[in-house]
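Encoded as structure tokens, the structure appears first; notes follow it.
Bear in mind that the values in this text are calculations on the coordinates, not laboratory data. None of the values given here were measured: they were computed from a predicted structure. Cβ coordinates were reconstructed from backbone atoms using ideal geometry, including for glycine residues, and neighbour counts include every protein chain displayed.
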Amino acid sequence: MIAPAVGAAAPVADASAITDPTLFGNAVVQEIALIPQVFGLQLAFWITVVLALTWLARTATAASVRVVWRFGLDHDRRMARIVPVARAVIGCIGAVTMLRPVFNQLPVLTTLTAMVTALLASIALPGLVQSAAAGLSLAVRARYREGDQIEIAGYRGGIRQLGLVRTQLRVEDGSMVWLPNSMLDREAVKVDRSTGAAPVRIRFEMRTSERDAVLDALRRAVMMLPFRRSGSLPRIRPATDDEREWTVEVQTWAIRELDIVRRSLRRTVDSVLANHRGQR
């Protein structure tokens, strides 16, 4: 992709002028005068195109890895470690490409702005910088993978997405929690290697007199659930001492669609209970 030639003016100085106090002032003044020529419709179109291509590339990177997993390849999900790094690299390339026309015309102001922005970010957002550094460290060491069940600082759930700065965790009640990567790198984390599976459980009520018949029918129905991970068995156990409330748990391969799995499991349980009570 070729960067547009923004404006007719040539750059008044190169980035080395920022190190020379004599040239620095003149370069800044001259580049300020060029700003109206640089920032126009042509630059706006260029930035829009680069942003769109960058977003598509980042999305395609994550999607391609999930396609590989869906075909049963990369069973250990080692490719998950490259996704946050690849997305970060693509984002950096996109940012550099997007700003290249501005740097070509305003090298001193662009360099100065980048330095000031980096300094302010390190001062005002130290947590963000620490989380990004921790995200790179976690990706290189591959401590966690998508689908892993983890427990940290009172949160327990499955990793849904590994990001460079934050990690998305789906907790047991179905809600989403975004944890800063600095927490994952700092706190003690209990990891359950689930090989791409996640538990889904629901509660239901059952009378003692219908227990045996319902449990047998429920086991058969849950075994036929299309979301159940192959080789796993449903777990049905009492949730209260009087055995009026029970829980049924199934391991699912659809770690990114737990709400759908939960609703499907609920419909299955309700159907079994309704059929049994309708026959009596």
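Per residue and in cubic angstrom, what volume does the convex hull of the Cα atoms of the range 198-279 have?
Spelled out: Cα convex hull of the range 198-279, divided by residues, is 81 Å³.
Which of Val222, Val108, Val200 has the fewest other C-beta atoms within 10 Å, and how do the rest follow up to the most?
Numbers: Val222 20, Val108 24, Val200 28.
By the 10 Å Cβ count, ascending, the order reads Val222, Val108, Val200.
Would you calculate the separation in nanometres between label points at Arg219 and Glu187, each defined as 7 Å from the Cα along the Cα-to-beta-carbon direction?
For the pair Arg219/Glu187, the computed spacing is 3.8 nm.
Between Gln42 and Arg201, what is 0.36 nm times their sequence separation minus the Cα-Cα distance? Round to one decimal in nm.
Once the chain is fully extended between Gln42 and Arg201, it gains 51.8 nm.
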